[in-house]
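Here the structure is laid out as structure tokens; the discussion comes afterwards.
The values are calculated or read from the model by the stated rules, or taken from the named source; none is laboratory data. Remember, it's a predicted structure, so these values are computed and weren't measured experimentally. No Cβ is skipped: glycine too gets one built from the backbone with ideal geometry, and neighbour counts run over all protein chains shown.
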Amino acid sequence: MNKDIAVLGTGAIGSCIRADLRKARYDILLFDQWPAHEEAMKTLGLLVTMPREELQIPVQAFHLCDLCSLNREFGIVFLAAKSYDTRWVVELIAPYIKADGVLVAAQNGLNDPDDIAPIIGYDWGVTCAVELSGEVFEPGWIKRNNNRTKTRFVVGKLDGAITSQVREVAQLLRFLRTRRPNNQNGTDGG
């Protein structure tokens, strides 16, 4: 997989996805609308504290306003924004998703696909149920209440189809846990 990856929304879920993918060697850019958070990550890196581990990693963090000046398209976009921001954030990112790219709705809870599909198409991507507990206490610092072995990402299409996009995202999300699931269909990302 040779994809540019963006994480859109860098609260607990988006930041943890990025922190866990640090060893995967993908070009991952973070975008957020909170200037202080974005500046702290640029300057100090991203700090993720967990019950038995602490990660302080350098990241490429940008404000949402910087998206247009980067002149980049992404093969995978993890949408980790708040539910009430879904529609306008998808409108913002849509022109920057490659024609064969995928949007992964990795938000808190399962959100209404009608906030996404009319903007980028009904074959728009992959839904992702996330089991991760975390909080943002101050800019650049995420407190993750569970460790990686207790985190789960289950991906799929709303119609139940297992497509190449679903398999690709599930493979990527397997990096996010220290042990691999025993799942034959390839849709359990962690």
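Within segment 131-175, the set of residues being in a loop (DSSP other than H, G, I, E, B), under 20 Å from L55 (Cα atoms) and either of a type in the set (S, T, Y) or in contact with a Pro (Cβ under 8 Å, 6 or more places away or on another chain) (or both) comprises S133, N145, N146, N147, T151. Here L21 passes the criteria (1) surrounded by 17 or more Cβ atoms within 10 Å (Cβ to Cβ); (2) hydrophobic (A, V, I, L, M, F, W, C); (3) closer than 20 Å to H63 by Cβ except the one numbered (3).
Every listed requirement among (1) more than 24 Å from D123 (Cα to Cα); (2) part of a strand (DSSP E or B) is met by V77 save one, (1). Contact map, segment 121-147: first residue over 30 Å from I162 (Cβ atoms), second residue loosely packed, with under 13 Cβ neighbours inside 10 Å and of a type in the set (A, V, I, L, M, F, W, C), Cβ cut-off under 8 Å, separation 6 or more or different chains; pairs are P139/A36; K143/F137. Being at pLDDT 95 or above and of a type in the set (G, A, S) is the requirement here; does A24 meet it? When the stated conditions are applied, A24 does not pass them.
Any chance you could count how many residues in segment 114-135 are loosely packed, with under 15 Cβ neighbours inside 10 Å and of a type outside the set (G, A, S)?
Adding up the residues that qualify gives 6.
Within segment 47-68, residues that are surrounded by fewer than 15 Cβ atoms within 10 Å (Cβ to Cβ) have Cβ atoms under 7 Å from residues that are part of a strand (DSSP E or B) and among the polar types (S, T, N, Q) in no pair, counting only partners at least 6 apart in sequence or on another chain.
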